[in-house]
1. I need the full set of residues from the range B:39-61 which are open to solvent by 60 Å² or more (accessible area, probe 1.4 Å) and either of a type outside the set (D, E, K, R) or under 17 Å from B:Leu86 (Cβ atoms) (or both), in order please.
2. Among the listed residues B:Glu78, B:Glu140, B:Glu95, identify the single one that is surrounded by fewer than 23 Cβ atoms within 10 Å (Cβ to Cβ) and at pLDDT 95 or above.
3. So how many residues does the range B:62-75 have that are open to solvent by 40 Å² or more (accessible area, probe 1.4 Å) and either within 30 Å of B:Asp185 (Cβ to Cβ) or away from chain A (no Cβ under 14 Å) (or both)?
4. If you go through the range A:33-66 one residue at a time, how many are surrounded by fewer than 20 Cβ atoms within 10 Å (Cβ to Cβ) and in a loop (DSSP other than H, G, I, E, B)?
5. Would you confirm, using the coordinates I've provided, whether B:Ile108 is touching a helix residue (DSSP H, G or I) at 6+ places or on another chain (Cβ under 7 Å), open to solvent by 10 Å² or more (accessible area, probe 1.4 Å), more than 14 Å from every other protein chain (Cβ to nearest Cβ) and not in a helix (DSSP H, G or I)?
6. Do we have A:Ser69 as of a type in the set (Ser, Thr, Tyr) and either within 14 Å of another protein chain (Cβ to nearest Cβ) or buried (at least 20 other Cβ atoms within 10 Å of the Cβ) (or both) here?
7. Identify all residues within the range B:160-213 that are more than 19 Å from A:Phe155 (Cα to Cα) and in a loop (DSSP other than H, G, I, E, B); write none if there are none.
8. Condition first: of a type in the set (S, T, N, Q) and closer than 13 Å to A:Ala207 by Cα. Now tell me which residues in the range A:39-80 satisfy that.
Amino acid sequence: MLFLLAAIYLGWALGANDTANVFGTGVASELISYRVATLLTAGFVILGALIEGPKLMNTVGQFTTLNLSTAFVAVLSAAIVVMVMTSLKLPVSTSQAIMGAIAGVALSMGGWSALPKDKLTRILLCWVFTPLGAMVISAILFMILAPLANKIRSFITFALIMKLGIIVVGCYGAYTLGANNVANVTGAFVGAELIGPLEGAVIGGAAIALGSLTYSKGVMISVGKKIFPLGSFSAFIAVLASAITLQIFTELHVPVSNSQAIVGAIVGMGFLRGTKAINKKMLFHIFTGWIVTPFFATGLSFALLIL
Amino acid sequence: MLFKKETKVQELIQEHVQTVGKAVNFWKEAFFHYLEGNKEDFQTRALATIELESKADGVRKEAQLILYKGAYLPIFREDLLDLLELTDNIADDAEKGVDFLRIENPVILSSWSGEIKIIVEKSQQAFLFFKEAFTMLFKERSATLSSTHRVQKAEKEIDKLQDDLMEKIFQSPKLGLAYKMQLRDLILTIGHVSDSSENASDKVALMAIKGRI
């Protein structure tokens, strides 16, 4: 069971970094306290992990044939990548780190031919469509909900709906994060048959929740301050669109990046509002997630296994 | 209760505007009684204005405290804090008006009193248009701007009336300069009520526009 420590660390890092996207707005705007936000996040992450998380375990665990030691190397590599990228203050996606690391395992076992090309293509397409999908979803949500919001007659009612809305979509965002990303944490060990899918969901969900409860404050406030200046309505749409995007990819059984979804959602609204929502930093964010993280993880797990 | 703080702030903001409205009403009555020479009635209205200004201050502070404790999202909170401050200025100006009469006790010739009454009445009207805009902000945001336009229009008329009256005063050969200056200050003090109503109404207009997506 000591092998699971690497998974718990990965889950903890995921919780510390990614839960900021769902409640960052609420905390940075002092709508809810950090403590309440992390408690809600922890609760809904575990709920999402338990209800829908097991669906994605096979995508991670059966990408290639894993045994206990290769699963451990894959998870450890992903954890190291997340730790290094975070310490360098570079954006990182655990989905891309773990899938890259597992691809490295496959490469080390049988070279290029050992990579399941059909699964890989499907996953890569999903990664590309994460920000693009979130962009389209946020644009559609904006077009539908903005006229409705404008029909709210009272300033106060509007303000109250926004307050409630940000809490509700935050909870939903935490739920989809748990559902979609829990397999990143323990999927490899489920594939190696160390634990079952439900056990994986429990351990992974708890690890993500722990990360949120213990170490998410700084990221939560800094991410929230980036999202909130968009305005309460746009912040609400951004979190909702990214949550729906994660829900869709959960149904497709592919773990994707929550951070990239939220960037896509912001860009989507930017197009509609005529604001310059794309900047070099955002493109760098997506590029890093798509290219650097998986390649770094692939190289690391490959190197660890060859050595 | 989920919106306990917000509900309380909403009640207090409404109470604040009502209190300021009562202060402005007593301010108008105080001026009318003063101009008509009813000193006793003037005193009671003036004291009521001062008392209501003080009450409005208390309500404003209570609402601000809850807002600072985190009621509403900051984007709305800042607007509400500004609006409270601007609305409170109207009551402050009403108090300054009655204080002017109480402290300086200026002699107002009957030939000017008719025009001063019109300026006072129109200033109160400007406040009432602001109050209407304020109410619309909480009931029907889309109708807010028509009321704020009325405030602007009323304020413009008041400016014109003030300028005309001050011109007449300063052209009068029989009056001393000190007296003319005292009357000018009085007229400007009256106009501050409509100026502040316009400032508060501008904030309401901005809030209504800002709320549109």
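1. B:Gln43, B:Thr44, B:Leu47, B:Ser54, B:Lys61, listed by residue number.
2. Residue meeting the stated conditions: B:Glu95.
3. 2
4. Summing the residues that are surrounded by fewer than 20 Cβ atoms within 10 Å (Cβ to Cβ) and in a loop (DSSP other than H, G, I, E, B) in the range A:33-66 gives 3.
5. On the way: touching a helix residue (DSSP H, G or I) at 6+ places or on another chain (Cβ under 7 Å): yes; open to solvent by 10 Å² or more (accessible area, probe 1.4 Å): yes; more than 14 Å from every other protein chain (Cβ to nearest Cβ): yes; not in a helix (DSSP H, G or I): yes.
Yes; evaluated as a whole, the condition is true for this residue.
6. In short, no.
7. Of everything in the range B:160-213, those that are more than 19 Å from A:Phe155 (Cα to Cα) and in a loop (DSSP other than H, G, I, E, B) turn out to be B:Ser172, B:Pro173, B:Lys174, B:Leu175, B:Gly176.
8. Residues of the range A:39-80 that are of a type in the set (S, T, N, Q), as a first pass: A:41, A:58-59, A:62, A:64-65, A:67, A:69-70, A:77.
Within the range A:39-80, just A:Thr41 meets the criteria.
The values are calculated or read from the model by the stated rules, or taken from the named source; none is laboratory data. What you are looking at is a predicted structure, and each value in this text was computed from that prediction instead of being measured. Cβ coordinates were reconstructed from backbone atoms using ideal geometry, including for glycine residues, and neighbour counts include every protein chain displayed. Only protein heavy atoms, including side chains, enter the accessible area calculation; ligands, DNA and RNA are left aside. Shrake-Rupley method; radii C 1.70, N 1.55, O 1.52, S 1.80 Å.
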